[in-house]
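The values are calculated or read from the model by the stated rules, or taken from the named source; none is laboratory data. Just so you know, these numbers come straight off a predicted model, no measurement behind them. As a convention, Cβ positions derive from the backbone with ideal geometry for all residues, glycine included, and neighbour counts pool all protein chains shown. For accessibility, only protein heavy atoms count, side chains too; no ligands or nucleic acids. Shrake-Rupley method; radii C 1.70, N 1.55, O 1.52, S 1.80 Å.
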Amino acid sequence: MAAVGTLANQRAGDRVAMAAVGTWPFSRAAVEAARRLMAAGNGATDCVQEAMAELENDKETGCFVVGRGGFPNKAGVVQCDAAIMEGLPGRFGAVAALPGVGTPLTVARMVMDKNAHNMLVGEGAVTFAKEQGFSIEDNSDMMTEASLAAYEEFLENRKSTSKSHDTLGLIVLDRLGNITVGVSTSGAPFKDPGRVGDSPLPGCGLYADNRARAAAATGDGDKIMCFCPCFHVVQLMKQGFSPSDACQAVIEDICHRVGKKGIFEIGLIALNMKGEVGAASTVFFQYTFWAHGMEAAEQRQSNPSTHFH
């Protein structure tokens, strides 16, 4: 499959530069892991899966609404959403409302590779995960003292004081010109059981095409999914927009459509096959970026335009 992307890029005469970009500062570990994995010869999809698994399964990053240690739903159960999409047409896999698995993106990868369907949810996702050799852990093992305390506070006050819009998104472009994007989240804290946000929905939380362009989103998923922003970003890049200009144009379009009173939290990142990165947001949004030639990943920031307030 890698050869297909490589030949397409060679025919287009484009220069391919290895690169990786992740949402929020905590993605640095994933971006650095992707850099090391690429240096060892791994392809984009393996890099996304393995780099994200480290953070998904780390209880310390659960506070960023990701994987193990993430916030539970109203019933006290941690249910995760995750998706992965390759630039090759039709290569997508997702799981949603999946309990008991600390690495939901890996299950999404298995859906992409081994299932006739593109998305599995709830008990169907659990059954498939078991078939693929995953053990479904007790919910208590998915929680931390911090997430349990936050849930108990929610039960007492019936409202959340926790951050609710972080999501781990990672885009990787390998040396062969293949691009893959992955997203993973435990979802809005104390959500209704079965709630699914934008993250595992193609075009909404993520999108990639076979000309090595991809985008990922983070923010208020219930609002984001109404605008398919990642698909829009990729389409603009196909028309010649830079990643930065494409992200900015999509954010401005959303803001104009909803009006000042309707503006919600959204951050977008995008990457093209030249290793050029872009981002835009309605809030102060920090992300992590690395490209070939850089000694280490660096943190960057997207500042919202004044008319977004």
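Find the accessible area per residue for region 164-309; the probe is 1.4 Å, ligands and nucleic acids are left out, and the unit is Å².
Values: 5340 Å² over 146 residues.
Each residue of region 164-309 exposes 37 Å² on average to a 1.4 Å probe.
Over the Cα atoms of region 192-292, compute the convex hull volume and normalise it per residue, giving Å³. Write out the running numbers ahead of the final one.
Details: hull volume 10.6 nm³, N = 101.
Normalising the Cα hull of region 192-292 by residue number yields 105 Å³.
Normalized C-alpha radius of gyration of region 58-99, against 2.2 N^0.38 Å? Each step should come with its number before you reach the end.
Values: Rg = 12.8 Å, N = 42, 2.2 N^0.38 = 9.1 Å.
Here the answer is 1.41, to two decimals.
Principal axis analysis of the Cα atoms in region 79-127 yields extents of 30, 18, 12 Å, listed in decreasing size. Restricting the GluC sites (Glu not before Pro) of region 144-225 to loop positions (DSSP other than H, G, I, E, B) with no more than 15 neighbouring Cβ atoms within 10 Å leaves nothing. For the chain, the alpha-carbon radius of gyration amounts to 0.93 times the rule-of-thumb value 2.2 N^0.38 Å expected for a compact globular protein.
Cross-link partners for Lys114 among the aspartates and glutamates, with Cα-Cα distance under 12 Å and sequence neighbours closer than 8 places in the same chain left out: Glu131. Compactness ratio for region 117-211: Cα radius of gyration over 2.2 N^0.38 Å (N = residue count) comes to 1.34. Heavy-atom surface analysis with a 1.4 Å probe gives the chain a carbon and sulfur content of 50 percent of its accessible area. In the complete set of protein chains, residue-level accessible area for Ile263 is approximately 40 Å², probe 1.4 angstrom. Once the C-beta distance of Gln301 and Glu145 is scaled by a Förster radius of 35 Å, the resulting FRET efficiency is 0.65 to the nearest 0.05.
Given a cut-off of 21 Å, name the pairs among Lys238/Lys274; Lys59/Lys223; Lys191/Lys223 whose C-alpha atoms lie farther apart than that in the structure shown.
Where the Cα-Cα span goes over 21 Å, the pairs concerned are Lys59/Lys223.
When the surface is traced with a 1.4 Å probe over the full set of protein chains, Ser140 keeps roughly 80 Å² accessible. In the context of the full set of protein chains, residues of region 71-110 present 19 Å² of accessible surface per residue (probe radius 1.4 Å, heavy atoms only). Under a Gaussian network description of the chain, with springs only between Cα atoms under 10 Å, the residue in Lys223, Lys74, Lys261 that fluctuates furthest is Lys261. Mean separation of Cα pairs under 8 Å and 6 or more residues apart, divided by the residue count, gives the chain a relative contact order of 23 percent.
Pairs of C-alpha atoms in region 80-168 farther apart than 23 Å represent 35 percent of all such pairs. Each eigenvalue of the Cα gyration tensor of region 157-243, multiplied by 5 and square-rooted, gives one semi-axis; in descending order these are 28, 13, 10 Å. Take the Cβ atoms of Thr127 and Val77, set R0 to 25 Å, and the FRET efficiency comes out at 0.90. Relative contact order of region 67-214: 35 percent, from C-alpha pairs under 8 Å at least 6 residues apart in sequence.
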